[in-house]
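What follows is calculated from the coordinates using simple rules that are stated; it is not laboratory data. These numbers come from a predicted model, not from an experiment. FYI the Cβ positions are ideal-geometry reconstructions off the backbone, even for glycines, and counts take in every protein chain you see.
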Amino acid sequence: MLDSLVTTVAGALLATMGVLVGGIVTRRAQDKQWMRDRQLAAYQELFSHYAKFTMELRRAHSDRRGWDYDWGEWSATLMRVSLVAPAEVAVEIDNFGRAINSFLGQVAGGERTPLRNPLGPEEFEVARQEAALAQVRLVNAIRRSLSGDHKGLPFGIGG
């Protein structure tokens, strides 16, 4: 009778421990997936804004017209992405933001504006090179953080 009782109690304890450990493991996996989903959404939003204002600026220079962009939303996007990005990616986001500021200084301020002194297509591409390189470094940092892709891309797509 004692053997049956010990076996039953031990079985119940092991089953309970299995349920608890399984719950912990499942919860961690769900948390990790949730964070990955938030990161992807934030990164997509960041690159969407970049593509939109770059294209708007390119068109403004080509058409010799004014342009406008919601820089508050760009800034808010940078803040949102900083909330979910790991440290390595956050460093590249900061570098990307600095490159964008430099790019904007060349094509949207000073003496080179779409209305006063528009850039030709080749000049625009030259001005965009630093931002384009920063974009590639950022994309590769994101790829490493999400999938462990250490090779990365040698070129940029879009922007």
Rg in Å to one decimal, and Dmax rounded to a whole Å, for the stretch 38-147 via C-alpha atoms: 14.5, 45
Reduced Cα scattering model of the stretch 1-65, Debye log10 I(q)/I(0), q = 0.12, 0.13, 0.14, 0.23 Å⁻¹: -0.61, -0.64, -0.68, -0.92
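So for Val136, Val107, fewest C-beta neighbours within 10 Å to most, what's the order? Walk me through the numbers before you get to the answer.
Numbers: Val136 18, Val107 23.
With the sparsest Cβ surroundings first, the list reads Val136, Val107.
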Cβ-based net charge around Gln135, under 12 Å, with every Lys or Arg adding one and every Asp or Glu removing one: 0
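Most exposed first by the Cβ proxy, i.e. fewest other Cβ within 10 Å, how do Asp63, Asp3 rank?
Values: Asp63 11, Asp3 7.
Ascending number of Cβ neighbours within 10 Å: Asp3, Asp63.
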Residue-span extension gain [Leu153 to Glu122] - 0.36 nm each, minus C-alpha spacing: 8.8 nm
Trypsin sites (Lys or Arg not before Pro) restricted to the stretch 87-117 and DSSP loop, no more than 15 other C-beta within 10 Å: Arg116
Signed unit charges on C-beta, dipole axis of the chain, positive-most listed residue Pro86, Trp34, Ala131: Trp34
